Every structure is written in C-alpha cells, then in structure tokens.
Amino acid sequence: MPGNSVTKPDYRYALAVTPPEEVLALLGEIPGRWGRMPPLSRVLVVETGRVLAAAGLLAGGRRLSDRGLKVGLVGATFTGCLSTDLDFAATLEGGFHLASPALFGYTLPNIALSEAASHYGLVGPVYAIFPGRAPAMAAAIAEAERWLVCRPELDLMLAGTYDALPPRPQGAVASSAGADEPAAISLTLTVVSG
C-alpha cells in the first residue's frame, strides 16, 4: 500500500567533502567544522534544517536567535556517539600522541546536537538524554514539554531521537550498503510548542 511505505533516508551527503546543491541550499552556508564532523553530526545539522524549513521557521533567516526566537533541542539516544568513540579509540592504537583531535571533539553525545544548534541559532537548552527502556521519541517529547512549561520564555523546542550504529566487526556478514553509504544512522525530529 503506497500510504504505508517507508523509504530509507539517503544520508550519503554526510560523506561528501562538499554537500550537494540541495543540501547547500538548505544549509545556507557550509558549517565551518563540516570537514571534521562525523557523519552523525552532519546529518543532524542538515535534518534539523529540514524540520525547521518544513515548519516555516527558516523563512526569516537561518539563525533563529537573530530573529529573537528562543528554541532548544533535546535528543534521545541509545548509542550516543559510540561510533565516533570507537573511531577515536582506533586512533589510540599507535599511542596517545597519535589520537585524533578532530574526532576527540565529537566524543560526547551532545556535540552533534550542539552543531545543529550552533548552525541554526538555537539558544535554548540543547542536550542528549538516554531514555533507558522508555520509547525514545516519547521521552524526548516529554523532556521538551517539561522545558516549555518551566521556561515560558522558550518559543519552542525541537525533540527527537538519533543514533549511529558502529560498523559491523570484521568477519560479520556484509550488508548491501557499500563504501559510499554512511554508518547506520537513524534520526527523527519534531517541533514541540507550548
């Protein structure tokens, strides 16, 4: 049934040195740290823009804070930045002096959210939560709603879920995704208003 079909998002742009034109049009400008961002951070920046654009919030300019809007972002995650953590740990194999400073900056689960907040001028609370056994999206929305009740100066919150699964261990059955596919990234975002 056409109404029930779900297509897998195409996040290959997250591997590009320069994003494709459609993504560039959404971003307005390439974030200054795009070159060092892991794919999860790139996807969060781009897809946050898609949600803001779909809600009509980018019509007056990309940076919401420049228009006096106070918007926050809360993301629920089960794996956080584990994929980046493992990539960083791999750079330690040759000794701590070979550790990647570019990856180290992305070894906290809230950094991908912070990149999106920085790019779009989201000046409200921005952080990650780990929902445990609770449904992740419900936990994120409940947290966003709490902020809106407790901080009436907030115009709205973005809430969502995000995860980037680490690559399969060597010897595991290969998937149909090739080298031009990013890690298994899942992301859902929504606008929550008071």
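Details
- Residues that are open to solvent by 30 Å² or more (accessible area, probe 1.4 Å) and in contact (Cβ under 8 Å) with a residue 60 or more places away in the chain within segment 15-34 comprise Leu15, Arg33, listed in sequence order.
- The residues in segment 83-104 that are buried (at least 18 other Cβ atoms within 10 Å of the Cβ) and under 18 Å from the mean Cα position of the chain (by Cα) can be counted, and the count is 5.
- Where a residue in segment 56-67 is more than 16 Å from Pro31 (Cα to Cα) and its partner, wherever it lies, is modelled with pLDDT of 95 or more and of a type in the set (Val, Ile, Thr), with Cβ under 7 Å and at least six apart: Ser65/Val123
- Residue within segment 140-163 that is more than 29 Å from Gly68 (Cα to Cα) and within 13 Å of the chain's Cα centre (by Cα) present: yes
- Leu64 falls short on exactly one of the conditions (1) of a type outside the set (Phe, Trp, Tyr); (2) within 17 Å of the chain's Cα centre (by Cα); (3) crowded, with 19+ Cβ neighbours inside 10 Å; (4) at negative phi, and that condition is (2).
- Residue within segment 70-89 that is out of contact with any strand residue (DSSP E or B) (no Cβ under 6 Å at 6 or more places or on another chain) and modelled with pLDDT of 95 or more present: yes
- Residue among Leu58, Leu69, Leu44 that is touching an Asp or Glu at 6+ places or on another chain (Cβ under 8 Å), of a type in the set (A, V, I, L, M) and assigned to a loop (DSSP other than H, G, I, E, B): Leu69
- Residue selected from segment 140-160 under the condition farther than 17 Å from Asn110 by Cα and out of contact with any Leu (no Cβ under 8 Å at 6 or more places or on another chain), by the criterion surrounded by the fewest Cβ atoms within 10 Å (Cβ to Cβ): Glu153
- When Ala102, Ala112 are screened for being in contact with a strand residue (DSSP E or B) (Cβ under 8 Å, 6 or more places away or on another chain) and in a helix (DSSP H, G or I), only Ala112 passes.
The values are calculated or read from the model by the stated rules, or taken from the named source; none is laboratory data. Just so you know, these numbers come straight off a predicted model, no measurement behind them. Quick reminder, even Gly has a Cβ in these numbers, built from the backbone with ideal geometry, and neighbours come from all protein chains shown. Areas reflect the complete protein model, heavy atoms only, side chains present, ligands, DNA and RNA absent. Shrake-Rupley method; radii C 1.70, N 1.55, O 1.52, S 1.80 Å.
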